[in-house]
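Input: a single structure, listed below in structure tokens.
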Amino acid sequence: MFQLSVVDHIRLSFGHVVFGYRAHSRAASRLALRAWQLRVVLVILTGASTAAALIALNGDRRFQIAAAAMAGAVFALYALSAAMNLDARAYAHRACAARLWAVCEKYRSLLAEAHDGLIDVPAVTERRDGLQREVQAVYEHGLPADRDAYQIAGQAISESGEWLSDQALDQFLPRSLRQAKA
């Protein structure tokens with residue numbers, strides 16, 4: 001028969017929160033990188049467009065066409081940048097990851113106190129339930145409605161997504177709370 005202790009359940013919940021933290025941190029990094037790359041392309045293309053426009057002042061038709069084409073490309077990229085809103089999405093994922101990390105710290109504290117026998121089972125259960133409500137609040141109110149958020153949720157639900165092994169989870173815990181043998 002399958003048995004799961006309260007501490008094992010807390011450890012599993014901690015793993016879910018760590019997975020969410022890591023996934024949202026990666027999404028924030030990826031979106032921030034894309035936003036920075038788009039800004040670099042916009043600056044380079046704007047500079048080239050400005051240079052072509054200055055050269056076109058001499059009446060060279062080729063540079064007039066090039067300046068107009070580059071200005072159109074800059075406008076299209078800027079419109080794409082505004083529509084994708086990468087910076088705000090990266091910030092939302094970063095904020096979600098930060099809130100999840102704070103919950104991770106609370107889970108670690110609860111695991112340590114339970115391991116050391118400082119709190120009794122009803123108190124452990126009550127704190128576990130409170131942490132689960134905190135995680136639920138993070139996901140209800142702190143997530144952007146974008147593709148990355150849905151991918152992270154889909155991976156967390158499906159078993160085919162990346163998951164944390166005991167060894168990987170142990171990296172987030174002090175030695176005294178680790179279960180996997182090193």
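Read-outs throughout are calculated quantities, based only on the coordinates presented, and are distinct from any laboratory measurement. Predicted model, so just to flag it, every value in this text is computed and none were measured. Every residue, glycine as well, gets a Cβ built from its backbone with ideal geometry; the counts of neighbours run over all protein chains shown.
Let's test the formula: R0 of 35 Å, r as the Cβ-Cβ distance of H115 and T46. What FRET efficiency results, to the nearest 0.05? Don't jump to the answer; show the numbers that get you there.
Values: r = 58 Å, r/R0 = 1.65.
So the FRET efficiency works out to roughly 0.05.
Sort 40-49, 114-123, 66-75, 88-97 by packing, meaning the average of other beta carbons within 10 Å per residue, with the highest value first. List each step's numbers first, then the result.
Working: 40-49: 14.3, 114-123: 11.9, 66-75: 15.9, 88-97: 20.3.
The peptides rank, most packed first, as 88-97, 66-75, 40-49, 114-123.
Two decimals, Cα atoms only, Kirkwood Rh: what is Rg/Rh over segment 42-137? Don't skip to the answer; put the middle values down first.
Details: Rg = 27.8 Å, Rh = 18.1 Å.
Computed over Cα atoms, the ratio is 1.54.
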